[in-house]
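The structure under discussion appears below in the form of structure tokens.
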Amino acid sequence: QVQLVESGGGLVQAGGSLRLACAASGRTFSPYAMGWFRQAPGKEREFVAAITWSGFNAGYADSVKGRFTISRDNAKNPVYLQMNSLKPEDTAVYYCAFRSGYYGGSYLGNVDYWGQGTQVTVSS
């Protein structure tokens, strides 16, 4: 089992920034990847970004490229999602995700574990 704990959501004005964090505990044996998805009201959950357990390889959805940065210092530290130039359409519940196995740097499929989610609201 893997437990994921998210933090850092909140309310921000358009153009502002927020940083989300996700800490993983339990059976976090490499290789694995961690990432973020989001779900807005009435919409399906969508991929945002992901990163390998080492932090060396990352991937992003087109909608956030150039504005969001996913990172981690090493396998023992949380995964961060730095969100800059936020737009009202970024408003959603953001979920941390964990998947065992190698990650090639694109979409993060077949997620094994999910966090509880943290609300991000961007006002116009």
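Observations, loosely collected:
- Asp112 open to solvent by 70 Å² or more (accessible area, probe 1.4 Å) and in contact with a Ser or Thr (Cβ under 8 Å, 6 or more places away or on another chain): yes
- Within the stretch 56-102, being β-branched (Val, Ile, Thr), within 13 Å of the chain's Cα centre (by Cα) and open to solvent by less than 40 Å² (accessible area, probe 1.4 Å) holds for Val64, Ile70, Val79, Val93.
This table checks each residue for (1) modelled with pLDDT of 95 or more; (2) closer than 18 Å to Gly115 by Cα; (3) in a loop (DSSP other than H, G, I, E, B).
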| position | (1), (2), (3) |
| --- | --- |
| Val12 | yes, no, no |
| Gly16 | yes, no, yes |
| Cys22 | yes, yes, no |
| Ser25 | no, yes, no |
| Met34 | yes, yes, no |
| Phe37 | yes, yes, no |
| Lys43 | yes, no, yes |
| Ala50 | yes, yes, no |
| Lys76 | no, yes, yes |
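The values are calculated or read from the model by the stated rules, or taken from the named source; none is laboratory data. If you're wondering where the values come from, they're calculated on a predicted model, not measured in any experiment. Glycine gets a Cβ as well: all are built from the backbone with ideal geometry, and neighbour counts include every protein chain shown. Please note that ligands, DNA and RNA were not included when accessible areas were found on the heavy atoms of the full protein model with its side chains. Shrake-Rupley method; radii C 1.70, N 1.55, O 1.52, S 1.80 Å.
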